[in-house]
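Student: Just passing along the structure, written as structure tokens.
The values are calculated or read from the model by the stated rules, or taken from the named source; none is laboratory data. Owing to the predicted nature of the structure, the values given are computational and were not obtained by experimental measurement. Heads up, the Cβs are rebuilt from the backbone with ideal geometry, glycines too, and the neighbour counts pull from every protein chain shown. Please note that ligands, DNA and RNA were not included when accessible areas were found on the heavy atoms of the full protein model with its side chains. Shrake-Rupley method; radii C 1.70, N 1.55, O 1.52, S 1.80 Å.
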Amino acid sequence: MSNDMSNTGVVVTESSTPLPAGVHLPIYMDNHATTPLDPRVLEAMLPYFNTKFGNAASRNHSFGWDAEQGVEKAREQIAKLIGATAKEIIFTSGATESNNLAIKGIAEMHRERGNHIITQATEHKAVLDTCKKLEKQGFRVTYLPPQADGLISLKELEEAIVTEGPGKTILVTIMYANNEIGVIQPIAEIGKLCHAKGILFHTDAVQAVGKIPVDVQKDNIDVLSLSAHKLYGPKGVGALYVRRRNPRVQLSEQINGGGHERGMRSGTLNVPGIVGLGAACEIAMNEMEAEAAREIELRDYLKNKLEAALDYTQVNGNMEHHLPGNLNMSFVYVEGESLLMGINDIAVSSGSACTSATLEPSYVLKALGLGDEVAHSSIRFGLGRFNTRAEVDYVSDKLIDVVLKLRELSPLYEMVKEGIDLTKIEWAAH
Ligand SMILES: *Cc1c(COP(=O)(O)O)cnc(C)c1O
């Protein structure tokens, strides 16, 4: 398939060298933020904007039946990808809502049993902010710190579990794979531990589903969040897997209305979106293995090329338990903002998060122990289905060029090169 994403209307002016064949600017390499819609997904969705516009809840005419058929097919496609049954899939507006429904829904439903929840410090904000809200309501939340490589310690998890009294642990929520550093947690072991202790296990599997094999049975998962736009489906639609047997998970609904989705999530279904999510899951099911192999090859090529040309780089996150398309790398002694400006025809993410007009270093990178400067100098590459080797070549060449130029201007880099130990320097307070 060709990658024709050149018609974005963005005009990039300064182009010193002619572009290699097949490369169009700007280049999209930020597939953890969102993925482009696969044309085959769009194809599957189109009829549901047109002739099949019915409300899936309309039970007494063919317009409703057509829509319902589309929805039920999608439920099967999603269930198959994660080893679930169709009845265990609840549609939502995306993973933010799925995470809210899972965590608040379980906390509310099981409050009598205990008030303790365990999560980790490097979760997505959709999990962290939900947990913070529950803390205000009297729940106690443990935020496990990651080890330096981004993996949580199973021993620390086990030690955090409370099995007796009103402070009993009712829920563990640990993400499958991290959206910044691509680290894959030992999900099956975590699930096994939770089940042995009678604790429900939720996982935010947004970055994993469709990229690596996910199986709710083998992985001992009770509740799982996923989102269509992270696997080449449309934005604004997601799902929550809710286990029905061994154990049967009960959660309190967070949106009240017509009792759709087995009473767990009311509201007229987003039929075209749901059909798109289903189609995206079926494509992922068929192509995941080949796609993962291709992305790993591109990722390693990118990494090796950057490491060969530049000193003082550092890869963040355990590379053995790692998403195929992710590379998070720090370019030490380079100022993060200048780095991003230098590669403004390439869409990647930096180790800085814009919060209320200030640039904060990424809390995920900080949790791994990175200093602010190193975190700011980090780049997250998110390779995806439509990235090509020619694009990786362009990106790495450009980045190497920019880093070398910026380091020429960097007094710190000069000092390091001259053998001065920066940790021994006393900086003026500021
Ligand atoms: C994108 C993302 C979310 C949020 O999903 P939306 O569907 O955009 O609400 C949650 N968790 C992770 C890990 C993500 O990457």
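Student: Are there GluC sites (Glu not before Pro) in segment 18-119 that DSSP puts in a loop and that have at most 11 other Cβ atoms within 10 Å, and which ones?
Tutor: Working: sites: E43, E68, E72, E76, E88, E97, E108, E112; in loops: E112.
Those satisfying the criteria are E112.
Student: Given the pairs K211/K398; K366/K405; K305/K424; K80/K366; K80/K104, which span a C-alpha to C-alpha distance of over 30 angstrom in this model? Kindly include the intermediate steps, with their values, before the conclusion.
Tutor: Values: K211/K398 28 Å; K366/K405 27 Å; K305/K424 32 Å; K80/K366 37 Å; K80/K104 26 Å.
Going by Cα-Cα distance, K305/K424; K80/K366 fall outside the 30 Å limit.
Student: Can you find, among Y363, L277, Y413, the residue farthest towards the positive end of the dipole of the chain? Put +1 on the C-beta of Lys and Arg, -1 on that of Asp and Glu.
Tutor: Toward the positive end, the furthest listed residue is L277.
Student: Still on this structure, please answer the following. Under 5 Å between amide hydrogens, which residues at least 5 positions from T92 or on another chain qualify, with H placed 1.01 Å from N in the peptide plane?
Tutor: When sequence neighbours closer than 5 places are left aside, the close amide H contacts are G238, A239, L240.
Student: State in Å² the accessible area per residue of segment 39-283; use a 1.4 Å probe, count heavy atoms of protein chains only, and round to the nearest integer. Don't skip to the end; give the middle numbers.
Tutor: Working: 9920 Å² over 245 residues.
Result: 40 Å² of accessible area for each residue.
Student: Show that you can apply the helix-only estimate: for the chain, add -39,500 (n - 2.57) for every DSSP H stretch of four or more residues, divide by all residues, and state [θ] at 222 nm to the nearest 500. Could the numbers behind the result be given before it?
Tutor: Working: 12 runs with 155 residues, N = 430.
Dividing the helical sum by the residues of the chain leaves -11500 deg cm²/dmol.
Student: Out of the chymotrypsin sites (Phe, Trp or Tyr not before Pro) in segment 361-430, which ones are loop residues according to DSSP with at most 12 other C-beta atoms within 10 Å? Let's see the in-between values first.
Tutor: Details: sites: Y363, F381, F386, Y394, Y413, W427; in loops: F386, W427.
Answer in residue order: W427.
Student: Write down the Kirkwood hydrodynamic radius of segment 311-430, to one decimal in angstroms, obtained as one divided by the mean of 1/r over all alpha carbon pairs. Provide the component values of the computation, followed by the final result.
Tutor: Working: mean 1/r = 0.0642 Å⁻¹.
For segment 311-430, the Kirkwood estimate is 15.6 Å.
Student: So, R0 is 35 Å and r is the distance between the beta-carbons of Y363 and Q69; what FRET efficiency does that work out to, to 0.05? Write out the running numbers ahead of the final one.
Tutor: Details: r = 44 Å, r/R0 = 1.25.
Given R0 = 35 Å and the Cβ-Cβ separation, E is 0.20.
Student: Next question, about the same structure. Working from Cα positions, state the angle (0 to 90°, nearest 10) between the long axis of helix 95-109 and the longest principal axis of the chain.
Tutor: 50 degrees
Student: Okay, next question. Which aspartates and glutamates does K125 reach when only Cα atoms under 17 Å apart count, and residues fewer than 8 places away in its own chain are ignored?
Tutor: E97, E135, E180, D204, E360
Student: Restrict the search to segment 124-200; then list the GluC sites (Glu not before Pro) that DSSP places in a loop and that have at most 14 other Cβ atoms within 10 Å of their Cβ. Don't jump to the answer; show the numbers that get you there.
Tutor: On the way: sites: E135, E156, E158, E159, E164, E180, E189; in loops: E164, E180.
For GluC sites (Glu not before Pro) across segment 124-200 that sit outside H, G, I, E and B with at most 14 neighbouring Cβ atoms in 10 Å, the list reads E164.
Student: What does the convex hull of the alpha-carbon atoms of segment 39-283 project to on average, in nm²?
Tutor: Working: hull surface 50.8 nm².
Dividing the Cα hull surface by four gives the mean projection, 12.7 nm².
Student: Follow-up. Give the angle, between 0 and 90 degrees and rounded to the nearest 10, that separates the Cα long axis of helix 271-309 from the longest principal axis of the Cα atoms of the chain.
Tutor: 20 degrees
Student: Just to confirm a number: summing +1 for Lys and Arg and -1 for Asp and Glu over residues other than V249 whose beta-carbon lies under 10 angstrom from that of V249, what do you get?
Tutor: Working: positive: R243, R244, R245, R248; negative: E88, D222.
Every neighbour counted, the sum reads +2.
Student: Using the Karplus curve 6.51 cos²θ - 1.76 cosθ + 1.60 with θ = phi - 60°, work out ³J(HN,Hα) for each residue of segment 23-40 in order, rounded to whole Hz, and write x for Gly and Pro.
Tutor: 9, 10, 9, x, 8, 8, 9, 10, 6, 8, 6, 6, 10, x, 5, 5, x, 5
Student: From the phi of every residue in segment 143-153, what ³J(HN,Hα) in whole Hz does the Karplus formula 6.51 cos²θ - 1.76 cosθ + 1.60 yield, where θ is phi - 60° and glycine or proline is x?
Tutor: Each residue's phi maps through the Karplus curve to give 9, 5, x, x, 6, 4, 8, x, 7, 7, 8 Hz.
Student: Here's another thing I want to ask about it. Percent of Cα-Cα pairs more than 41 Å apart in the chain, please.
Tutor: On the way: 19096 of 92235 pairs.
Tail of the P(r) past 41 Å holds 21 percent of the pairs.
Student: Now a separate question. Report the FRET efficiency, 1/(1 + (r/R0)^6), for T423 and E287, where r is their Cβ-Cβ distance and R0 is 56 Å, rounded to 0.05.
Tutor: Details: r = 48 Å, r/R0 = 0.86.
My answer for the efficiency is 0.70.
Student: Treating the angle as unsigned and between 0 and 90°, give the value, to the nearest 10°, between the Cα long axis of helix 187-196 and the longest Cα principal axis of the chain.
Tutor: That helix lies at roughly 40 degrees to the long axis.
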